[in-house]
Amino acid sequence: MSHTIHLPRIIEIGKNSRNQLPTILASLGAKKPLIITDQMMVKLGYVKQIQDVLNQAHIESDYFDQTIPEPTAASITAGVECIKAKPYDAIIALGGGSPIDSAKAISILSRFGGEIRDYKFPRQVNEAGLPIIAIPTTAGTGSECTRFTIITDEKTSEKMLCAGLGFLPVAAIVDYELTLSLPPRTTADTGIDALTHAIEAYVSQKANLYSDAQALAAMRLIGPNLKLAYHEPNNEKARESMMLGSTLAGIAFSNASVALVHGMSRPIGAFFHVPHGLSNAMLLPMITEFSIPAAPQRYADCARAIGVATLEDSDLIANQKLIQELKLINQELQVPTLAEFGVDKKHFDEVVNTMAEQALASGSPNNNPRVPKVTEMIKLYQELWAS
Ligand SMILES: [Fe+2]
């Protein structure tokens, strides 16, 4: 049996890799890029940094900074209008997962029209939009290396998964220096998201030898450095490991898919505006416990790769240590419960059936080693509330 692997054409990795941007643009034959970003990136001076690099190479650029966290269909429309206003020939997607995901949707819609809901899973969007060079500033969603984007349909409160080669950036610049000023909350949420990508890719029913190698390498980098990066934001070694770990985890899940944690996490984000990494973090220990009986060896491998269990530990012990560690991470990184986050219990109960249905429709739960029925998923949501 063979597996198809998809990667960006160029991945530039390491300190100051952003300085290679003009060379990458030249290799694509692009002369007029639009930077797609958010207002925080402008405020923090990151857009200026990128424009300075471009100016030195005599490349003119504009920026669109109206992307929003957890992007919606409506928020994409403004970007499409902006990009159509001038003959741009490339997109530089700069920021966390949301600007990069927005850029992917803008790239496709600006060239092929329609609305983003026309492109949602199970449709495979393999058409080529404007080429995207993704520069992540978090570690991270891994979006710089994936063929997915997540956009919320505000009419139905559904986080739509859109998939296909059309959403895969042509180049990724993975420069950990851009993460040094991340606040601890973002470091925690995006870091747990990356860890979740690696674990879910490894236990996914679509896992393969290639994705396994990336997922295990990602866990070895993220496991010992997640808490360290949170406690010591200026620890360059920890930031570097988290950044590369996040990219490798992105490659792993782009080629093996995520599973039940992500499937159940998206509806929580859509209905209650819980940031993506945070809703994953809330679910990760519980869903891991639920799933271990169906893949005990795989989860034990995760425990060993993360560095909390040894080869001498039995799978049973390793899995106990994994659960302990995931709970400890949430405690130490101050992940709130749904109630602490401010989710209204009455509203939660009202939409719990819809959340389970949307989770199932996204396709991700079917990749889990243990696939729950809708009724079981409703029970899991209720247990999450009680935990
Ligand atoms: Fe994620």
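The values are calculated or read from the model by the stated rules, or taken from the named source; none is laboratory data. In this text the structure is predicted, and so the values were computed from the model without any measurement. Virtual Cβ from ideal backbone geometry, glycine too; neighbours counted across all protein chains shown. Just so you know, the surface numbers come from the protein's heavy atoms only, side chains and all, with ligands and any DNA or RNA stripped out. Shrake-Rupley method; radii C 1.70, N 1.55, O 1.52, S 1.80 Å.
Observations on the model:
- Surface per residue (accessible, 1.4 Å probe) for segment 84-237, Å²: 32
- Calculated mean residue ellipticity, 222 nm, the chain: -16500 deg cm²/dmol, from DSSP H runs (n ≥ 4) at -39500 (n - 2.57) each, averaged per residue and rounded to 500.
- Reach of Lys159 by Cα under 16 Å, taken over lysines that are not fewer than 8 positions away in the same chain: Lys104, Lys120
- For Lys237, a cut-off of 29 angstrom between C-alpha atoms picks up these lysines, skipping any fewer than 8 places away in its own chain: Lys15, Lys43, Lys48, Lys227, Lys321, Lys327.
- Separation of the Thr310 and Asp344 label points, Cα + 7 Å toward Cβ, nm: 5.3
- GNM result for the chain, Cα springs below 10 Å: residue of Ser61, Ser102, Ser143 fluctuating most strongly: Ser61
- Pairwise FRET efficiency - Asn234 versus Phe121, Cβ, R0 = 35 Å, nearest 0.05: 0.30
- Kirkwood Rh, angstrom, segment 213-350 [1 / mean 1/r, Cα pairs]: 16.0
- Net charge over other residues, Cβ less than 15 angstrom from the Cβ of Ala361 (K, R count +1; D, E count -1): +3
- Residues of type lysines that Lys379 reaches as a straight line, Cα spacing below 17 Å, ignoring anything fewer than 8 places off in the same chain: Lys345, Lys346
- Note on the chain: GNM, Cα springs under 10 Å; of Ala198, Ala252, Ala318, the largest mean-square fluctuation is that of Ala318.
- Local net charge near Tyr119, Cβ-Cβ under 15 Å (Lys/Arg +1, Asp/Glu -1): +1
- Taking Cα atoms only, the orientation of helix 73-84 departs from the longest principal axis of the chain by about 20 degrees.
- Between 0 and 90 degrees, the angle of helix 345-361 with respect to the longest Cα principal axis of the chain falls at about 70 degrees.
- Longest to shortest principal axis, alpha-carbon extents of segment 1-153, angstrom: 43, 41, 29
- Database remark: amide H of Ile36 closer than 5 angstrom to the amide H of Phe64, Ile92, Ala93, Leu94 (H placed geometrically; neighbours at sequence offset of 5 or more, or on other chains; Pro and chain starts carry no H).
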